[in-house]
Amino acid sequence: MPLVHNKVVTIERHIIEQERATHGTGDFSGILRDLSLAFKIIYREVTRAGLVDILGATERQNIQGEIVQKLDDFANEVIYRAMDHGGHLCAMASEENEHIMAIPDHYEKGKYVLLFDPLDGSSNIDVNVTIGTIFSVLRRVTPENTPGTEADFLQPGYKQVAAGYAIYGSSTMLVYTAGKGVYGFTYDPSVGEFLLSHDNIRIPDHGQIYSVNEGNYHKWDPRMRRYIDWAKQDIEGEDKKAYSLRYIGSMVADVHRTLLYGGVFLYPADVKSHKGKLRLLYEANPMSFVIEQAGGKATTGVERVLEVQPERLHQRTPLIVGSPKNVDEVLLLLRDVE
Ligand code: AHG
Ligand code: MN
Ligand code: MN
């Protein structure tokens, strides 16, 4: 009997092969390789989070005698340090820093900028719930071999050359797109590699799950409330069953589930936050790029997320993202004027 042969493909090999097929310059494989190292280090710390009280204060006390860093700050620094010397980037921007971060003078400046949310869902750390890291790569618009500026970051999401996330859950995964489909890799800690586990991910056309912080219900626009009321109904004759509600409170985990199972994730505007809560550049754009590349849709409720022209680094946006038919259902009820 012939042996069943499953190819084992590491993330590095996958990217190099993709780059070869598209005659890439190697920049992208360099960026992803450096990022995956940062994710492995963050993963190691995240899985030890519960030990911090037992071991941390002694083990992670630095020479100045300062006590354990917050994991968000730690992740932020790990990514910066893994990425500052590769020669591929000319600047970085993080959800955790007010301003863009320069590449140190003595390192080469590359053609790209990196944006990231170092730990998404960080309020869930203490209760052992899935969190993640989100990233986005843009090609610079300022002249080569100079330091990057804010203008390099303030580009609409459709200009992203790559985006994705690491998710630290029951297993750790890295999901990315470089504009040619979406690929998922599961981390095997015993060999220290991300291995291709989800080839060419396609989001289901329609799903039975809606995902939203329904505690905000009374603060929403009435049309948004109407959609949620509709989502919960069994409608005879239309073959519509009540959708299930799933909400983790880590966007990266809620969108990851939406990508694999289908449905819709929403973080709408409300009377208090007129622009919603999520950040356009660090959260909405990269996740929208992934979802679109898998065949899904992402909208602010008014326009395609990836077409929003950013004006500020930390600007927020309402977000409705998921299976194309579910997003259309939301849009229909949002547009339908009484
Ligand atoms: P972060 O941990 O990076 O600050 O992001 C938290 C975000 C996002 O992950 C999640 O979808 C949302 O906050 C949850 O907000 P609510 O608690 O308002 O539901
Ligand atoms: Mn976040
Ligand atoms: Mn964060």
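Here, each number is a calculation from the coordinates, and none is a lab measurement. A quick note: this is a predicted structure, and the numbers were derived from the prediction, not measured. Methodologically, a virtual Cβ is constructed for each residue, glycine included, from the backbone with ideal geometry; neighbour enumeration extends over all protein chains shown.
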**OP:** Any chance you could list P(r) for the chain, counting all Cα-Cα pairs in 20 angstrom bins from zero, rounded to whole %?
**Re:** 30, 56, 13, 0
Subject >> Residue-count net charge about TYR217 - beta-carbon cut-off 10 Å; Lys, Arg +1, Asp, Glu -1 >> reply: -1
Original post:
In whole Hz, what ³J(HN,Hα) sequence does region 284-290 give by Karplus (6.51, -1.76, 1.60; θ = phi - 60°), x for Gly and Pro?
Top reply: 5, 4, x, 5, 5, 5, 4
Subject >> Distance between modelled label sites at ARG81 and GLU17, nm, 7 Å Cα→Cβ extension >> reply: 3.4
Original post:
Average projected area of the Cα convex hull of region 11-198, in nm²?
Top reply: 11.8
Original post:
Can you list the HN-Hα couplings for region 223-240, worked out from phi with the Karplus curve (6.51, -1.76, 1.60; θ = phi - 60°), rounded to whole Hz and with x for Gly and Pro?
Top reply: 5, 5, 4, 5, 4, 5, 4, 5, 4, 8, 8, 8, 10, 5, x, 10, 6, 10
Original post:
Hey, which lysines would be in cross-link range of LYS272, C-alpha to C-alpha under 22 Å, not counting anything within fewer than 8 residues on its own chain?
Top reply: LYS219
**OP:** Quick one: among ASP152, ASP199, ASP126, which has the greatest mean-square fluctuation in a GNM of the chain with alpha-carbon springs under 10 angstrom?
**Re:** ASP126
Original post:
Dividing the convex hull volume of the Cα atoms of region 194-243 by its residue count, what figure in Å³ per residue is obtained?
Top reply: 139
Original post:
Using helices alone, what [θ] at 222 nm do you get for the chain, with -39,500 (n - 2.57) per DSSP H run of 4 or more residues, divided over all residues and rounded to the nearest 500?
Top reply: -8000 deg cm²/dmol
**OP:** Determine, at each q value in 0.22 (inverse angstroms), the log₁₀ of I(q)/I(0) that the Debye formula gives when each Cα of region 209-334 is one equal point scatterer.
**Re:** -1.41
Subject >> Ranked ASP72, ASP188, criterion: other C-beta atoms within 10 Å, fewest first >> reply: ASP188, ASP72
Original post:
Quick one: which of 202-209, 27-34 comes out on top by average Cβ neighbours within 10 Å, and what's the full order, highest first?
Top reply: 27-34, 202-209
Subject >> Estimated inter-spin distance, GLU238 and GLU214, nm [label 7 Å along Cα→Cβ] >> reply: 1.7
Subject >> Burial ordering of THR10, THR146, fewest other beta-carbon atoms within 10 Å first >> reply: THR146, THR10
Original post:
If r is the Cβ-Cβ distance from GLU311 to THR142 and R0 is 25 Å, what FRET efficiency results, to the nearest 0.05?
Top reply: 0.90
